[in-house]
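Engineer: Please find one structure pasted underneath; my questions will follow.
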């Protein structure tokens, strides 16, 4: 029997083979040795710090390059300028709180959109209220889903509001949770032409390893991402990339500040900061470092498949295959302009039954071997796998949607 056709990557991606091997062997090494004798050297320098016997016994750890090597590999995936900070944290939300504090340290009125992830929008609003500043929310959803707005039209709308409201900060998603690729770089540049923008934060959680990301142009100060979706690391690990030399010192200082002094209360971020400052001896908290290893394994797999750019191009093509399969089943599509499409497709039955809830619809799809996100309004979010879907799987998706709707 065929396995599930997994289309829920936007929530939690399938673990890649390299990530699974690296994490398994890290746990095996930790279980056998406890790592107490050489944990610092192993974390700092990578698998070269292991004995020859351990390298042979735990081959999955060959992808662990040490903390500096991991940061460099992640920076390469988004073409981050060399030498700029790459922050790693146990929780993405901790980095969002850090980003909100940085925004309102420099800005008085931050422009955001109604495409923001709701929890991140709450964090931004709470920090604005705490500091006595403002968030100006630009409504774009209707323009995208109802009016078919293009990327250029959205950028122009952002510039208009930035000028009118005198916005000096920006918080924008690169890809929304429902699969709209906002032209973030173009939005930033058009806003900067009409307003004095002091700090820019991009939510790249759904963009990292999904669409091509290029930070080399220095168009944002902080780019937030994670490893458990499109990268395929499975275990949550928050990432924040500095995109401008002018912001590097402020970001480093904020990341190093202890939580009791307004810093970020994240144990992994604090541990890695202690590595940088040489204060490991006084670090007293036990930290789960396992996600670092699954991240390094997934990053190794990413390189073997052509890198983040190649994966991003294939994801967009996969999204079109999913849309075609839903259309063949008679389902309606949440259509957006071609310039905004990604590997995420939103589909819904043309005549949804009011007595069938989201759980029943999800269960119907699962019985046909389809894993996907289902919302209360019967919208189904299909997020394409890394590999091109097989024709048999697309036929199975069409049959499952036809049976469910």
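Engineer: GNM on the chain, C-alpha springs below 10 Å: top fluctuator among 41, 285, 165?
Structural biologist: 285
Engineer: Would you mind calculating the gained length between residue 192 and residue 286 on full extension (0.36 nm times residue separation, minus the Cα-Cα distance), in nm to one decimal? Please list the in-between numbers first.
Structural biologist: Numbers: separation 94, 0.36 × 94 = 33.84 nm, distance 4.35 nm.
In short, 29.5 nm is gained.
Engineer: Now for a different question. For the residue pair residue 248 and residue 335, what label-to-label distance in nm results when each label sits 7 Å from Cα along the Cα-to-beta-carbon direction?
Structural biologist: 4.8 nm
Engineer: With a point put 7 Å past each Cα toward its Cβ, work out how far residue 214 is from residue 126 in nm, to one decimal.
Structural biologist: Distance between the two pseudo-spin positions: 3.8 nm.
Engineer: For n ≥ 4 DSSP H runs only, could you compute -39500 (n - 2.57) per run for the chain, divide by its residues and tell me the 222 nm figure to the nearest 500?
Structural biologist: Details: 15 runs with 185 residues, N = 405.
Using -39500 (n - 2.57) per qualifying helix, the result is -14500 deg cm²/dmol.
Engineer: Cα centroids of the range 368-394 and the range 42-114: how far apart, whole angstrom?
Structural biologist: That distance is 30 Å.
Engineer: Shifting gears a bit: Among 295, 335, 167, which one moves the most in a GNM of the chain with springs linking Cα atoms closer than 10 Å?
Structural biologist: Result for the chain, Cα springs under 10 Å: 335 fluctuates most.
Engineer: Using a 10 angstrom cutoff on alpha carbons, build the Gaussian network for the chain and name the most mobile of 91, 101, 130.
Structural biologist: In this elastic network of the chain, the residue with the biggest mean-square fluctuation among 91, 101, 130 is 130.
Engineer: Right, here's the next one. With an 8 Å Cα cut-off and a minimum separation of 6 or more residues, compute the relative contact order for the range 305-404 in percent.
Structural biologist: Numbers: 136 pairs, mean separation 34.8, N = 100.
So the answer I get is 35 percent.
Engineer: Same structure, new question: Quote the relative contact order of the chain in percent (integer), defining contacts as alpha-carbon pairs under 8 Å separated by 6+ residues. Provide the component values of the computation, followed by the final result.
Structural biologist: Details: 799 pairs, mean separation 91.5, N = 405.
The value is 23 percent.
Readers should treat all values here as calculations from the given coordinates under stated rules, not as data from a laboratory. Here the structure is a predicted model, which means the values were calculated and not measured. Cβ sites come from the backbone with ideal geometry, for glycine too, and all protein chains shown count toward neighbours.
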